Amino acid sequence: MLKIRVIPILTFNGFGLVKTKKFSTPRMVGNPVQAARVYNSRGVDELVFLDIFASEQKRKINLKMVGEVIKECYMPVAIGGGIETIDDINDLLKIGADKVVIKTKALKDAAFIKQAVAFFGSQCITIAVDVERRNENYMIHNKLGIERSLKEFVSQMEDCDVGEYVLTSVDRDGMMSGFDIELVDRFMNTTNKPVIAVAGGGDMTHYGELFTKTKVEAVGSASIFHFTQYTPMDIKKELLTHQVPVRI
Amino acid sequence: MVAIIDYGMGNVASVQKALNFLKIESAITSDPELIEKSDVIILPGVGSFLQGMKNLKSKGLDVLLTDQVLNKKKKFLGICLGMQLLAEAGTEPNDNPGLGWIKGKVKKIENIPFRIPHMGWNNINVKIDKYYSQINEKDFYFIHSYHFVPSNSEVIAATTNYGIEIVASIQQDNIFATQFHPEKSQEAGLTLLRNFFNNA
């Protein structure tokens, strides 16, 4: 039986790890290589590393630093930030990334995503879906001024046969007040791809709620690991009490 | 020395990192001379079947590896796409020949009540325990949308359940292969690799 995945999300600003609230006010939370070493020693299921300012600042991800992060990891690693070309993806795979996470380029150029899937296989291409609720609508958050509904964006990405989604609620980012269950539930019913639900985890009950009320099979978290004593293993032990299959 | 075959299909660095951890000497290479000198050959790989075969052929590696493994009986490990390429054929978009060392075809996973790709940690049921002592039932990391369907079930070394039985590992003479990624499966994966190298 496939186990659910509990995945630490490391967000990077080009210098160090940061943690945002609602995608703003980044606060420094440490060194990425050290963090990766700790998560590896804790046997986490997977790691996601995102340079969240690369696209905005029009720079490439720092391959040397990413290489050092991956060196610490004997589990799968997904890397994202400023990916624009097939060569960018190749560079990341060569230094040991298993998947790449793409957002900005996917919004601007769906044809590129199709090309990347054809080249590397869908299992390699993960799409970051950053969602903000505006009035009664779910819209894709971005700094390009692109107006796109969640529904429209996902239907484009489904058409490209991408491998996975990282679904993040911008409104819940860093708030530690619980997941947007309605968003996750709705999203799970629009795709048959694996989804990592992100943003809102603050205590153990939030994780129980996420996995019992939606069909999601992976969760990503950052704040709870930075700002509380909880570890990924604590979350798994909690989920076991709800009969959710976990890898202990 | 272990030759990790470099044919432009993904994650060779992770395989070498795992071997370094186990203190096993290796080289990432497509150099025929070095491959001929090696004691063990590892064929890793992610991506499409068609592209994988194309890349092997463009470097003449299909012929060289077939000679090394089938004629010279060199110890061989295939990982993920490196297992699938051993089949007689892939089926998408239509039938394309593989290396043909193991009878069977690679097919798309479909008609299951679960999400595709099959992505994450799944436990295996061991059928041939040559390299799986102490790790039967353990979880390994899978990430694939296609699976190997062998003609002869006697080559199946392990299976995993994902709505259907999926072949997780193959064993035939000097050929060993895994659909999952041992180099990404932490303790269980490193134990399997250690068993593979320690066990003649």
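Computed values, structure above
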| read-out | value |
| --- | --- |
| Enumeration of residues in the range A:39-67 that are part of a helix (DSSP H, G or I) and within 14 Å of another protein chain (Cβ to nearest Cβ) | A:Tyr39, A:Asn40, A:Ser41, A:Leu63, A:Lys64, A:Val66, A:Gly67 |
| Residue that is least open to solvent (accessible area, probe 1.4 Å), among those in the range A:26-66 that are out of contact with any Phe, Trp or Tyr (no Cβ under 9 Å at 6 or more places or on another chain) and over 26 Å from A:Asp234 (Cα atoms) | A:Ser55 |
| Members of the range A:158-191 found to be closer than 20 Å to B:Gly120 by Cβ, of a type outside the set (Asp, Glu) and buried (at least 20 other Cβ atoms within 10 Å of the Cβ), listed by number | A:Val162, A:Gly163, A:Tyr165, A:Val166, A:Leu167, A:Thr168, A:Phe179, A:Val184, A:Phe187 |
| Scope the range A:106-157; condition of a type in the set (Phe, Trp, Tyr), surrounded by fewer than 22 Cβ atoms within 10 Å (Cβ to Cβ) and within 14 Å of chain B (Cβ to nearest Cβ); matching residues | A:Phe119 |
| Residue within the range A:54-77 that is of a type outside the set (S, T, N, Q), under 14 Å from the mean Cα position of the chain (by Cα) and either closer than 30 Å to B:Asp139 by Cα or modelled with pLDDT under 95 (or both) present | yes |
| Test for A:Gly82: is it open to solvent by less than 40 Å² (accessible area, probe 1.4 Å) and part of a loop (DSSP other than H, G, I, E, B) | yes |
| Residue check, A:Ile70 closer than 18 Å to A:Tyr165 by Cα, free of Cβ contacts under 8 Å to residues at least 60 places away in the same chain, within 12 Å of another protein chain (Cβ to nearest Cβ) and in a helix (DSSP H, G or I) | no |
| Of the criteria (1) within 11 Å of another protein chain (Cβ to nearest Cβ); (2) of a type outside the set (Asp, Glu); (3) in contact with a Pro (Cβ under 8 Å, 6 or more places away or on another chain), which one B:Ile156 fails | (1) |
| Positions within the range A:1-25 being open to solvent by 70 Å² or more (accessible area, probe 1.4 Å) and away from chain B (no Cβ under 14 Å), in sequence order | A:Phe15, A:Lys21, A:Lys22, A:Thr25 |
| Candidate set: the range B:46-61, residues that are of a type in the set (A, V, I, L, M) and under 25 Å from B:Lys72 (Cβ atoms); chosen: the one nearest to the other protein chains (Cβ to nearest Cβ) | B:Met53 |
| Pair list, Cβ under 6 Å, 6 or more apart: the range A:211-222 residue within 13 Å of chain B (Cβ to nearest Cβ), other residue part of a loop (DSSP other than H, G, I, E, B) | A:Glu217/A:Ile4 |
| Residues located in the range B:84-110, provided they are within 14 Å of chain A (Cβ to nearest Cβ), within 17 Å of the chain's Cα centre (by Cα) and either of a type in the set (A, V, I, L, M) or open to solvent by 80 Å² or more (accessible area, probe 1.4 Å) (or both) | B:Leu85, B:Val106 |
| Unmet criterion (only one of (1) over 25 Å from A:His141 (Cα atoms); (2) away from every other protein chain (no Cβ under 14 Å)) for A:Gly201 | (1) |
| In the range B:1-45, residue nearest to the other protein chains (Cβ to nearest Cβ) [restricted to those that are assigned to a loop (DSSP other than H, G, I, E, B), in contact with a strand residue (DSSP E or B) (Cβ under 8 Å, 6 or more places away or on another chain) and open to solvent by 20 Å² or more (accessible area, probe 1.4 Å)] | B:Asp6 |
| Yes/no for B:Glu187 being closer than 18 Å to B:Ser133 by Cβ, in a helix (DSSP H, G or I) and among the charged types (D, E, K, R) | yes |
| Conditions (1) within 11 Å of chain A (Cβ to nearest Cβ); (2) closer than 21 Å to B:Val40 by Cβ; (3) under 15 Å from the mean Cα position of the chain (by Cα): number failed by B:Tyr141 | (2) |
| Leading residue by the ranking (nearest to the other protein chains (Cβ to nearest Cβ)) among those in the range A:73-91 that are within 14 Å of A:Phe12 (Cα to Cα) and not β-branched (Val, Ile, Thr) | A:Ala78 |
| Qualifying residue in the range B:144-153 (condition: within 11 Å of chain A (Cβ to nearest Cβ) and buried (at least 22 other Cβ atoms within 10 Å of the Cβ)) | yes |
| A:Val100, sole failed condition from (1) over 25 Å from A:Asp171 (Cα atoms); (2) hydrophobic (A, V, I, L, M, F, W, C); (3) within 14 Å of chain B (Cβ to nearest Cβ) | (1) |
| Candidates B:Pro182, B:Pro117, B:Pro113 - the one that is more than 16 Å from the chain's Cα centre (by Cα) and open to solvent by less than 20 Å² (accessible area, probe 1.4 Å) | B:Pro117 |
| Positions within the range A:117-132 being over 16 Å from A:Ile196 (Cα atoms) and modelled with pLDDT of 95 or more, in sequence order | A:Glu132 |
| Any pair with Cβ under 9 angstrom, 6 or more apart, that starts in the range B:168-193 at a residue that is within 12 Å of another protein chain (Cβ to nearest Cβ) and over 11 Å from B:Ile124 (Cβ atoms) and ends at one that is at pLDDT below 95 and part of a strand (DSSP E or B) | none |
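The values are calculated or read from the model by the stated rules, or taken from the named source; none is laboratory data. Note that the structure is a prediction, hence the values are computed from the model and not measured. Every residue, glycine among them, receives a Cβ derived from its backbone with ideal geometry; neighbour counts consider all protein chains shown. The accessibility values were calculated without ligands, DNA or RNA, using every heavy atom of the protein model including side chains. Shrake-Rupley method; radii C 1.70, N 1.55, O 1.52, S 1.80 Å.
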